[in-house]
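For reference, the structure is listed below as structure tokens.
The values are calculated or read from the model by the stated rules, or taken from the named source; none is laboratory data. Keep in mind that what you see is a predicted model, and the values were worked out from it rather than measured. Virtual Cβ from ideal backbone geometry, glycine too; neighbours counted across all protein chains shown. These area figures cover heavy atoms from the full protein model, side chains too; ligands, DNA and RNA do not enter into them. Shrake-Rupley method; radii C 1.70, N 1.55, O 1.52, S 1.80 Å.
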Amino acid sequence: MNSISVRALLVRGMLAGLVAGALALVVAYFLGESQVDAAIALEEAHSHDHGGGEELVSRTMQATGGLATGVLVFGVAAGGIAALVFCYALGRIGDFGPRATAALVAGAALLTVYVVPFLKYPANPPAVGNPDTIGKRTTLFFLMVALSVLLAVAAVIIGKRLAPRLGNWNASIAAVAGFVVLIGLAYAFLPSFDEVGKDFPATLLWEFRLSTLAVQATLWSTFGLVFGYLTERLLTPATRAAAPHTAGALS
């Protein structure tokens with residue numbers, strides 16, 4: 001794949017990420033912000049400090065401009081990185097076309113970047129978590145992301161190397177099993193945090209975590225669909241150009 005194609009795919013990946021981020025923003029606003037507001041209300045109700053200083057950023061700005069900036073910037077950045085991964089993966093992970101490869105990259109990103117770390121260190125709303133451990137929790141979350149991505153890459157490489165001896169199906173099963181075992185060991189040995197107060201509503205916590213999962217699922221599924229469509233149009237122009245002539249010859 002030449003540099004022109006890579007640049008074109010990078011631009012399309014960022015554009016698809018922007019579209020995906022816009023849809024994820026809608027989900028985050030309508031599903032997640034009400035849970036955040038409810039958690040903030042609980043936090044304020046249980047707080048003994050009623051003389052706090054003025055907010056540097058208003059809650060309205062956080063829920064609109066701040067949320068939009070964060071989600072859209074993440075969508076564009078993630079789309080660009082996923083496009084570069086697509087450039088490497090196309091034709092190397094199997095006999096898949098552009099759309100299928102884009103879908104696989106998006107699905108792998110959702111699994112490794114969010115779902116696997118989420119199962120160990122799930123998202124918490126305001127009023128949940130000890131402020132003294134936030135640095136450690138953040139570090140461990142990103143460590144879990146790095147482990148998940150590296151182990152997924154290793155699983156793909158090992159699966160490809162085992163395929164000539166075991167066959168594609170058995171090699172894939174072995175690679176996935178190895179990934180699951182190593183992730184399970186990481187879950188077992190990395191420290192956990194149980195900092196949810198006994199008086200915090202379990203339903204609110206569950207709904208907040210489901211909303212964060214819905215945001216990520218929306219972002220990556222939308223990216224896979226949009227990016228797959230854009231890449232197919234870019235990489236298979238001859239097929240599209242030949243279709244009208246074929247139809248005319250048959251009529």
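On a 0 to 90° scale, report how tilted helix 98-109 is relative to the longest principal axis of the chain, with both axes built from alpha carbons and the result rounded to the nearest 10. Orientation of helix 98-109: about 30 degrees from the principal axis. Considering Cα pairs under 8 angstrom that are at least six residues apart, work out the relative contact order of the chain and quote it in whole percent. The normalised contact order for the chain reaches 36 percent. Taken per residue, the accessible surface of the chain reaches 60 Å², heavy atoms only and a 1.4 Å probe. Compute the acute angle (0 to 90°) between the alpha-carbon long axis of helix 237-250 and the principal axis of greatest extent of the alpha-carbon atoms of the chain; round to the nearest 10°. Result, in degrees: 50. If R0 is taken as 45 Å, the Cβ-Cβ distance between Arg161 and Leu210 corresponds to a FRET efficiency of 0.70. Measure off, as a whole percent, the carbon and sulfur share of the 1.4 Å-probe accessible area of the chain, all protein chains present. Accessible surface attributable to carbon and sulfur in the chain totals 69 percent. In this rough spin-label picture, where each label sits 7 Å from Cα along the Cβ direction, the Ala154-Val6 distance is 2.7 nm. Where only DSSP H runs of four or more residues are counted, the chain gives -25000 deg cm²/dmol as its mean residue ellipticity at 222 nm, each run worth -39500 (n - 2.57).
Under the Kirkwood approximation applied to all pairs of distinct alpha-carbon atoms, what is the hydrodynamic radius of the chain in Å?
Details: mean 1/r = 0.0481 Å⁻¹.
Kirkwood radius, the chain: 20.8 Å.
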